[in-house]
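Below you'll find the structure, written out as C-alpha cells, and then a few comments.
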Amino acid sequence: MTTSAPEKITYHRKDRTLRLKWHFEEFSLTAELLRVYSPSADYKNLGDRPPVFESGKSSVQINKISRVGNYAIRFLFDDGHEDGIYSWGYLKKLGQNKTDYWNNYVDYFNTNGGSRLRQIEVSQWTPKLEVKIQDE
C-alpha cells in the first residue's frame, strides 16, 4: 500500500524539527534522527545488519527540502549530506516508531563508543616567553 503525501510539512529551524501532518496522524522528527536514518544507497542502517551510526550529528540542520515526484522529499543537511530520498511511507514509519529508532541510535554510542555531539577541534597556543637578564 502506498502512503499518500502529508497534508502539511513544516520545518522549524530553531528547534531543528520537521513536522508532518496526515489526515489522522501527525509526527515531529528531528533533523538529527532524519540524518542518521538516511535512506541513501550508502547508508547501512536499513537492512538486517547491526546499525552503524556516525558520530557528531546532534546539531545537524536541514538547509533545503526538495520534493521528489509525488512520492518523497529530499533534504540537504548542513553537513553536506543530500543523497537520501525519504518516501512518504518511510517518513511515516520513522514517525510511528520514533522512540525505538531513537533508543537504538543512543544505545549504539553507549555500547560502541562515540557521541552524538560534534567534535570541536581545539588547538593550544603557547605564548612565546621572552626572558631578559640584566646586570645592574
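Couple of notes before you dig in:
- Test result for residue 56, open to solvent by less than 90 Å² (accessible area, probe 1.4 Å), in contact with a Lys or Arg (Cβ under 7 Å, 6 or more places away or on another chain) and either in a loop (DSSP other than H, G, I, E, B) or modelled with pLDDT under 90 (or both): yes
- Flag for residue 66 being polar (S, T, N, Q), surrounded by 15 or more Cβ atoms within 10 Å (Cβ to Cβ) and within 16 Å of residue 31 (Cα to Cα): no
- Number of residues in the stretch 33-53 that are of a type in the set (Val, Ile, Thr) and either modelled with pLDDT under 90 or more than 10 Å from the chain's Cα centre (by Cα) (or both): the value is 1.
- Pairs with Cβ under 6 Å, 6+ apart, first in the stretch 1-16 and within 17 Å of residue 62 (Cα to Cα), second in a loop (DSSP other than H, G, I, E, B) and at pLDDT 95 or above: 16/61
- For the stretch 105-123, filtering for residues that are assigned to a loop (DSSP other than H, G, I, E, B) and either modelled with pLDDT of 90 or more or in contact with a Ser or Thr (Cβ under 8 Å, 6 or more places away or on another chain) (or both) leaves 6.
- Condition met for residue 35 (in contact with a strand residue (DSSP E or B) (Cβ under 6 Å, 6 or more places away or on another chain) and part of a strand (DSSP E or B)): no
- Of the listed requirements (1) surrounded by 11 or more Cβ atoms within 10 Å (Cβ to Cβ); (2) at pLDDT below 95; (3) of a type in the set (Val, Ile, Thr), residue 126 misses just one: (1).
- Scope the stretch 79-111; condition without any contact (Cβ under 8 Å) to a residue 40 or more places away in the chain and open to solvent by 70 Å² or more (accessible area, probe 1.4 Å); matching residues: 82, 93, 99, 100, 103, 107, 110, 111
- When each of 17, 10, 30 is tested for being open to solvent by less than 80 Å² (accessible area, probe 1.4 Å), more than 22 Å from residue 106 (Cβ to Cβ) and at pLDDT 90 or above, the lone residue that passes is 10.
The values are calculated or read from the model by the stated rules, or taken from the named source; none is laboratory data. The structure presented is a predicted model; accordingly, all values stated were derived computationally and were not measured. Cβ: placed from backbone, ideal geometry, glycine included. Neighbour counts: every protein chain shown. With ligands, DNA and RNA removed, areas are computed over all heavy atoms of the protein, side chains included. Shrake-Rupley method; radii C 1.70, N 1.55, O 1.52, S 1.80 Å.
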